[in-house]
Amino acid sequence: MVKENHVIVDGKVTVNHINDLFMADLSTDDVDTIGGWLFGTNPEMKVGETLEHEELTFKLLEKEPNRFRKLEIIKLEPEQIRA
């Protein structure tokens, strides 16, 4: 963990672990890992790009052709969330 509400994780970390860590509700219907979840959400994402999903911001740090290897995840404070 980098600091509270801000982590850098391997793409193999489970979605359930991220849900527990951030008290989030990311779907685990089709995927087990956070890299797989993000790839399924935006497979064309490029290194350095970000994606906001509810209160979480995901930044892709490393990728392979069909796998997101390393992600930065930040939980936004309520006043930072776009309506």
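Does any residue of the stretch 10-29 turn out to be part of a strand (DSSP E or B) and surrounded by fewer than 13 Cβ atoms within 10 Å (Cβ to Cβ)? Even if it seems obvious, please write down each step before you answer.
Quick first cut of the stretch 10-29, residues part of a strand (DSSP E or B) only: 10, 14.
Then drop every residue that is not surrounded by fewer than 13 Cβ atoms within 10 Å (Cβ to Cβ), which leaves none.
Among the residues of the stretch 10-29, not one is part of a strand (DSSP E or B) and surrounded by fewer than 13 Cβ atoms within 10 Å (Cβ to Cβ), which makes the answer no.
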- Within the stretch 27-41, residues modelled with pLDDT of 95 or more and either of a type in the set (Ser, Thr, Tyr) or more than 15 Å from residue 10 (Cα to Cα) (or both) come out as 33
- Note on the structure: Here the residues within the stretch 32-44 that are in contact with a strand residue (DSSP E or B) (Cβ under 8 Å, 6 or more places away or on another chain) and either assigned to a loop (DSSP other than H, G, I, E, B) or surrounded by fewer than 17 Cβ atoms within 10 Å (Cβ to Cβ) (or both) are 32, 41, 42
- Query: Would the stretch 3-17 turn up any residue that is hydroxyl-bearing (Ser, Thr, Tyr) and over 14 Å from residue 73 (Cα atoms)?
  - Reply: no
- Single condition residue 31 does not satisfy, out of (1) in contact (Cβ under 8 Å) with a residue 60 or more places away in the chain; (2) more than 13 Å from residue 73 (Cα to Cα); (3) hydrophobic (A, V, I, L, M, F, W, C): (1)
- Leading residue by the ranking (nearest to residue 22 (Cα to Cα)) among those in the stretch 45-60 that are modelled with pLDDT under 95 and part of a loop (DSSP other than H, G, I, E, B): 55
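The values are calculated or read from the model by the stated rules, or taken from the named source; none is laboratory data. On a predicted model such as this, the values are computed, not experimentally measured, just so you know. Glycine also receives a Cβ, built like all others from the backbone with ideal geometry; neighbour counts cover every protein chain displayed.
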